[in-house]
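Asks: Handing you a structure now.
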Amino acid sequence: MSNIKDASLWESGRDKIEWVRSYMPLLTSIEEEFKTNQPFKGLKISMSIHLEAKTANLAKVLRAGGADVRVTGCNPLSTQDDVAAALVHEGFEVNAVHGTDEEGYTRDLINTISFCPDILIDDGGDLMALLHGEYRDYGKNLIGGCEETTTGVHRLMAREAQGRLDYTMIDVNDANCKHLFDNRYGTGQSTLDGIMNSTNLIIAGKTFVVAGYGWCGKGLAMRAKGMGAIVIVTEIDPIKAIEAVMDGFTVMPMDDAAALGDIFVTLTGCSDVITEKHIIKMKDGVLLANSGHFDVEINKNDLEKLSVHTFDRKPNIKGYTMEDGRLINLLAEGRLVNLAAGNGHPAEIMDMSFAIQAKSLEYLAKNRGKLEKKLYAVPEEIDSAVALLKLKTMGINIDSLTEEQKEYLTKVD
């Protein structure tokens, strides 16, 4: 039985799903293929991923391939209740409510895996945490799963390094057709969308501090610069720091950037990127936002401790008044600002990421019993096939090697 906020919202959710479907031709093509081949016939799939329209479209594609699909969110503030209602209206079991508390969120995760799935999609690693702990029995049928995001991949790598990864998992996040486009172009645009939609403030002329210069940070820095911001990058990796310098950005520690920034966005996948020692240096009126998976990058306990008054300024903006009168603004509770305060990545970008997901799940189903309990990269042939299909939908053709060129490239002498 589903657990959603309001089943009567389904028509609005349906309209959102139909809108994105018209801009996701890769998934449409894969859906037609799955309808014929039925790669998931008789299999159960659990999905824990940001529950909005693009995710709903993926769920429909997987069901077209024969799967019994259960869906939940991976962040309570990114769940869209009307989309959840639309999926329930179409016969899916959905356990997700926008803004639910930690207990409710965990209960929804548990219900999503309680039918002992054969395959799963995880986003951030919360399903894997349950299946390695108290709810291990729910993983008895698990062929394997796919992890969508950097934070979840880090958690899987840590488990594997400690010899504690008990299931086959595929690292979708690091597929070229995922991180080069989703993380860079998707996060860059959608983060700014979330900030601008919440604040109605200009980006141009402001000092914009980007914490972390991975693919997400690169995309955001590029777009902030393009909108006229003065961009500062903070990093711990010397190679990424040099890359940021050569891309034209100022690089410095957060200790120094704290006094200069007007807008701060964390995208590191780590904790305590912005803490008390930074907050006490910040200007009056700064905006703090996070685009990392968990709400631990900006230390909210430190904000609370330093403030003498807190209040909701407008939807998705909480004000913290400091003892000296400065006002610090936290967006979207420090959660993923692009989803909690926006609509997430553009449909065309998620079309590529979810095409990788769909084909990786198919790969797991086809290779049942042949894969080890470890973290695998997405097979190169899947990455290349998705890229070529994307180009085809864009009306773009590329060259291919002749037999003579192939021979030349493989010559030893």
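Asks: Just give me the residues in the stretch 130-159 being open to solvent by 10 Å² or more (accessible area, probe 1.4 Å), under 16 Å from the mean Cα position of the chain (by Cα) and either under 15 Å from A365 (Cα atoms) or free of Cβ contacts under 8 Å to residues at least 60 places away in the same chain (or both), in sequence order.
Replies: Selection gives R155 alone.
Asks: Next up: Could you give me the residue pairs with C-beta distances under 6 Å whose first residue belongs to the stretch 1-21 and is within 10 Å of H89 (Cβ to Cβ), whose second residue is in a helix (DSSP H, G or I) and open to solvent by 70 Å² or more (accessible area, probe 1.4 Å) wherever it lies, and which are 6+ apart or on separate chains?
Replies: Taking only residues 6 or more apart or on different chains, the pairs are W10/H89.
Asks: Name every residue in the stretch 392-407 that is open to solvent by less than 90 Å² (accessible area, probe 1.4 Å) and part of a helix (DSSP H, G or I), in order of residue number.
Replies: If the condition is that a residue be open to solvent by less than 90 Å² (accessible area, probe 1.4 Å) and part of a helix (DSSP H, G or I), then T393, Q405 are the ones that fit.
Asks: Given S384, S360, which one is out of contact with any Cys (no Cβ under 6 Å at 6 or more places or on another chain) and assigned to a helix (DSSP H, G or I)?
Replies: On the way: S360 fails: out of contact with any Cys (no Cβ under 6 Å at 6 or more places or on another chain).
Step by step, each of S384, S360 is checked, and only S384 is out of contact with any Cys (no Cβ under 6 Å at 6 or more places or on another chain) and assigned to a helix (DSSP H, G or I).
Asks: Only one residue in I170, I242 is over 29 Å from K314 (Cβ atoms) and open to solvent by 70 Å² or more (accessible area, probe 1.4 Å), so which one is that? Spell out the reasoning first.
Replies: Details: I170 fails: open to solvent by 70 Å² or more (accessible area, probe 1.4 Å).
When all the criteria are applied, what remains is I242.
Asks: May I pose another question? Just to be sure, is F294 at pLDDT below 95 and either open to solvent by 10 Å² or more (accessible area, probe 1.4 Å) or of a type outside the set (D, E, K, R) (or both)? Even if it seems obvious, please write down each step before you answer.
Replies: On the way: at pLDDT below 95: yes; either open to solvent by 10 Å² or more (accessible area, probe 1.4 Å) or of a type outside the set (D, E, K, R) (or both): yes.
The answer is yes for F294.
Asks: Looking only at the stretch 61-72, decide whether some residue is under 15 Å from W10 (Cβ atoms) and free of Cβ contacts under 8 Å to residues at least 60 places away in the same chain.
Replies: At the first step, the residues of the stretch 61-72 found to be under 15 Å from W10 (Cβ atoms) are 71.
After this cut, where a residue has to be free of Cβ contacts under 8 Å to residues at least 60 places away in the same chain as well, the list is 71.
The answer is yes, given that some residue of the stretch 61-72 is under 15 Å from W10 (Cβ atoms) and free of Cβ contacts under 8 Å to residues at least 60 places away in the same chain.
Asks: OK, next. In the stretch 58-97, what count of residues is obtained for those that are open to solvent by 20 Å² or more (accessible area, probe 1.4 Å) and assigned to a loop (DSSP other than H, G, I, E, B)?
Replies: Number satisfying all stated conditions: 6.
Asks: Of everything in the stretch 240-268, what is more than 18 Å from L331 (Cβ to Cβ) and of a type in the set (D, E, K, R)? Give them in sequence order.
Replies: K240, E243, D247, D255, D256
Asks: Would you confirm whether any residue within the stretch 14-37 is in a loop (DSSP other than H, G, I, E, B), of a type in the set (K, R) and within 21 Å of G344 (Cβ to Cβ)?
Replies: no
Asks: Name the one entry in L142, L201, L192 that is aliphatic (A, V, I, L, M) and not in a loop (DSSP other than H, G, I, E, B). Working first, answer last.
Replies: Details: L142 fails: not in a loop (DSSP other than H, G, I, E, B); L201 fails: not in a loop (DSSP other than H, G, I, E, B).
Answer to the selection: L192.
Asks: Another question, then. In the stretch 98-129, what count of residues is obtained for those that are open to solvent by less than 30 Å² (accessible area, probe 1.4 Å), in a loop (DSSP other than H, G, I, E, B) and at negative phi? Steps first, please.
Replies: Let us first name the residues in the stretch 98-129 that are open to solvent by less than 30 Å² (accessible area, probe 1.4 Å), namely 104-105, 108-110, 112-113, 115-128.
Filter once more, keeping what is in a loop (DSSP other than H, G, I, E, B): 115-118, 123-125.
Restricting the remaining residues to those that are at negative phi gives 115, 117-118, 123.
The number of residues fulfilling the criteria is 4.
Asks: So which residues in the stretch 338-366 are in contact with a strand residue (DSSP E or B) (Cβ under 7 Å, 6 or more places away or on another chain), modelled with pLDDT of 95 or more, buried (at least 24 other Cβ atoms within 10 Å of the Cβ) and not polar (S, T, N, Q), if there are any at all?
Replies: Matches in the stretch 338-366: L361, L364.
Asks: A further question follows. Of everything in the stretch 153-183 that's assigned to a helix (DSSP H, G or I) and of a type in the set (S, T, N, Q), which residue is modelled with the highest pLDDT? It would help to see each step written out before you state the result.
Replies: So the first thing to find is which residues in the stretch 153-183 are assigned to a helix (DSSP H, G or I), and the list is 153-161, 176-183.
The next check asks that each one be of a type in the set (S, T, N, Q); those that pass are 176, 183.
Values: N176: 94, N183: 88.
Among those that are assigned to a helix (DSSP H, G or I) and of a type in the set (S, T, N, Q), it is N176.
Asks: V209: buried (at least 20 other Cβ atoms within 10 Å of the Cβ) and either at pLDDT below 95 or closer than 30 Å to D324 by Cβ (or both), yes or no?
Replies: Taking the combined requirement at face value, the residue satisfies it.
The values are calculated or read from the model by the stated rules, or taken from the named source; none is laboratory data. Model, not experiment: these values are computed from the prediction. FYI the Cβ positions are ideal-geometry reconstructions off the backbone, even for glycines, and counts take in every protein chain you see. Each accessible area value is taken on the protein alone, full model and side chains, heavy atoms only, with ligands, DNA and RNA left out. Shrake-Rupley method; radii C 1.70, N 1.55, O 1.52, S 1.80 Å.
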